[in-house]
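Notes follow once the structure below has been shown.
The values are calculated or read from the model by the stated rules, or taken from the named source; none is laboratory data. What you see is a predicted model; the values in this text were computed from it and never measured. Quick reminder, even Gly has a Cβ in these numbers, built from the backbone with ideal geometry, and neighbours come from all protein chains shown.
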Amino acid sequence: MNNLAESLLLALKAHGARQIFGIPGDFALPFFKIIEESQILPLYTLSHEPGVGFAADAAARIVGGLGVAAVTYGAGALNMVNAVAAAYAEKSPLVVLSGGPGKNESMTGLLLHHQAKTLDSQFQIFREITCDQVRLDDAERAPRDIARVLANCLRYSRPVYIELPRDMVGQSCKAVVEAPAPVVDQDALDACVGEILARLRRASRPALMVGVEVRRFGLESRVAELAHRLALPVVTSFMGRGLLADAVTQPLGTYMGVAGLPEVTELVESSDGLFLLGVIVCDTNFGVSASRIDLRKTIQALDEQVSIAYHTYPRISLTALVDRLLASVPAGSATCAMAPRSFPRNMVADAATLTPADIAAAVNDLMAIHGRLPIASDIGDCLFTAMDIEHTALVAPGYYATMGFGVPAGLGLQAATGQRPLILVGDGAFQMTGWELGNCQRYGWDPIVLLFNNASWEMLRTFQPESRFNDLGHWGFAEMAAGLGGDGQRVGSRAELKAALDKALATRGRFQLIELTIARGVLSTTLARFVAGVKQLNAGR
């Protein structure tokens, strides 16, 4: 029989976890010792708990399995609240493992270090940003509790919280038996699929928009086949950018309302049969629509329910829905007549100063020759620039919009896939979590980092240009790279960017930081349109 910690680790692995990201602390030391010695899952320690959360979140997003973040009680777990909130908002299956006070410590009557208000305060805080929680203080009950919590993490694709008292890790514990899959009402599923297909057949301009749940549940190839069989034009939501990147038929583009391509905006907003598959209905996806979409007249499949016009089919998972649709639509040769958008290429390598459009074109040129790189992007103009980069796997905080995601997410991406990532990050976000790059040399990670440096919180400045607090100053990031174990180079022209990208791609084993000097006020066209749309919306259109 295993001890409780081993049973938990084996259950994590059986449910799709591939590694653990963490930072130890005294309440978690016994658990970390077993993680290291058992070698059930590899352990990657980082420097700050927000980075741990972002890295584990990105690992979950990119492979579709569980992401695992292990921290200590109080000072560790509470330091990771923002990253877990982001995972909850964007539906990422993240497992938070927190050490906790031992059962005997809890009964001394003394306040314990790292304790906030009560010993249960942390548990209650995480109840708000996770879909299930458990404290493993009973070894006999633990296998059932672990099975339930991990099953819910995958079922709802949202974070869960597991607290492990430090005097419980060595208790004998039976193996965790996977919880049975929820039963789907087959009659309701048939009725739902029949109604969807009938509405799509009646529509004169049907369209399919895919969102984050499609990747979260590993459905990209099946959804691509479904779109092909239905001959539907496909676009991604803003949050779903990067979906279907490996499909034979590429998405026509990304819907961004007034900020996006006019032909994509017109396709979506004029559709009388808009099928939203796994799309989170939020402001970043629909807040800047050129003309208001009546969502009551769409088909929405999200959060284990399907809403069609004014009624809802509950407890129908996205996986069950897609599989039944495929079973109901015969394979054929029908295809959508619309062509995917083209992306900027053929950057002229001259002495002209850099713009975001140049950066997108240079990356497209690089990937056209050497193959696609998966991308981890922070929030800001770096993410809007990514909209002009060829379809490739992308992880980014497109809805929750937290700064600091990009660099640790890139590390999580490389740890989870073994692929070399391209990280897009602004100088403000880099100041928060860019220092996690110092951990690359320990693990052999070598991302290519494009640091957009305009010495400013430039996206905030676009909304409030009169505020001087948006000024950040130049920190000299390129010179700092060597001390972190990588190589840094500052570029200010298109010729310098081309040379730096070629050198970075040819250099393996060390992270490559390219600091891109961009003048204040120089924005990507997409961000400029997005800001104008938001301002118009706030002004009442």
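The C-beta contact set for region 110-123 (first residue under 22 Å from Ala85 (Cβ atoms), second residue at pLDDT 85 or above, distance under 6 angstrom, 6+ apart or interchain) comprises His114/Tyr73; His114/Gly74; His114/Ala75; Gln122/Ala77. Filtered by the rule that a residue be under 16 Å from Leu164 (Cα atoms), of a type in the set (S, T, N, Q) and outside any strand (DSSP E or B), region 95-129 gives Asn104, Ser106, Gln115, Ser121, Gln122, Gln124.
Consider Ile146 carefully, then state whether it is surrounded by 20 or more Cβ atoms within 10 Å (Cβ to Cβ) and hydrophobic (A, V, I, L, M, F, W, C).
Yes; evaluated as a whole, the condition is true for this residue.
Does Glu128 count as in the same structural domain as Leu78 (by TED's automatic domain parsing), out of contact with any Lys or Arg (no Cβ under 9 Å at 6 or more places or on another chain), surrounded by fewer than 17 Cβ atoms within 10 Å (Cβ to Cβ) and on the phi < 0 side of the Ramachandran plot? Criteria met by Glu128. Among the residues of region 284-329, count how many are farther than 25 Å from Glu90 by Cβ, at pLDDT 90 or above and not hydrophobic (A, V, I, L, M, F, W, C). Selection size over region 284-329: 3. Checked against (1) part of a helix (DSSP H, G or I); (2) buried (at least 17 other Cβ atoms within 10 Å of the Cβ), Gln300 passes all but a single condition, namely (1). Remark: Ala11 falls outside the filter, which requires a residue to be outside any helix (DSSP H, G or I) and either of a type in the set (A, V, I, L, M) or not assigned by TED's automatic domain parsing to the domain that holds Val95 (or both). For region 38-52, the criterion of being touching a helix residue (DSSP H, G or I) at 6+ places or on another chain (Cβ under 8 Å), buried (at least 24 other Cβ atoms within 10 Å of the Cβ) and within 30 Å of Thr319 (Cβ to Cβ) is met by at least one residue.
Answer yes or no: is there a residue in region 381-393 that is touching a helix residue (DSSP H, G or I) at 6+ places or on another chain (Cβ under 7 Å) and at positive phi. No, there is no match, as no residue in region 381-393 is touching a helix residue (DSSP H, G or I) at 6+ places or on another chain (Cβ under 7 Å) and at positive phi.
Pairs meeting the criteria (first residue in region 480-500 and under 17 Å from Leu437 (Cα atoms), second residue at pLDDT 95 or above and of a type in the set (S, T, N, Q), beta carbons under 6 Å, at least 6 apart or on different chains) are Gly485/Gln441; Asp487/Gln512. Just one residue in the set Ile146, Ile62 is at pLDDT below 95 and assigned to a helix (DSSP H, G or I); that residue is Ile62. The residues of region 6-35 that are modelled with pLDDT of 95 or more, of a type in the set (Gly, Ala, Ser) and either more than 22 Å from Ala147 (Cβ to Cβ) or in contact with a strand residue (DSSP E or B) (Cβ under 7 Å, 6 or more places away or on another chain) (or both), listed by number, are Ser7, Ala17, Gly22. Pairing each residue of region 262-290 that is touching a residue at least 40 places away in the same chain (Cβ under 8 Å) and among the polar types (S, T, N, Q) with any residue that is assigned to a strand (DSSP E or B) and surrounded by 15 or more Cβ atoms within 10 Å (Cβ to Cβ), provided the two are 6+ apart or on different chains, yields C-beta distances under 6 Å for Ser271/Ala207.
If you go through region 67-94 and pick out every residue that is assigned to a helix (DSSP H, G or I) and under 19 Å from the mean Cα position of the chain (by Cα), you end up with 10. The conditions of being surrounded by fewer than 23 Cβ atoms within 10 Å (Cβ to Cβ) and in a loop (DSSP other than H, G, I, E, B) are not met by Thr265.
Out of Leu230, Leu252, Leu261, Leu197, one residue alone is closer than 29 Å to Pro93 by Cα and in the same structural domain as Thr284 (by TED's automatic domain parsing). It is Leu252.
For Arg345, the conditions (1) under 27 Å from Asp427 (Cβ atoms); (2) at pLDDT 95 or above; (3) of a type outside the set (Val, Ile, Thr) all hold with the exception of (2).
Quick check on region 15-23. Is at least one of its residues buried (at least 24 other Cβ atoms within 10 Å of the Cβ), of a type in the set (S, T, N, Q), touching a helix residue (DSSP H, G or I) at 6+ places or on another chain (Cβ under 8 Å) and touching a residue at least 12 places away in the same chain (Cβ under 8 Å)? No, every residue in region 15-23 fails to be buried (at least 24 other Cβ atoms within 10 Å of the Cβ), of a type in the set (S, T, N, Q), touching a helix residue (DSSP H, G or I) at 6+ places or on another chain (Cβ under 8 Å) and touching a residue at least 12 places away in the same chain (Cβ under 8 Å).
Does Gln419 qualify as being within 19 Å of Val363 (Cβ to Cβ) and surrounded by fewer than 19 Cβ atoms within 10 Å (Cβ to Cβ)? In short, yes. Where helices (runs of 4 or more DSSP H) sit wholly within region 150-259, those with at least 1 residues that are under 25 Å from the mean Cα position of the chain (by Cα) and more than 27 Å from Cys282 (Cβ to Cβ) occupy 220-230.
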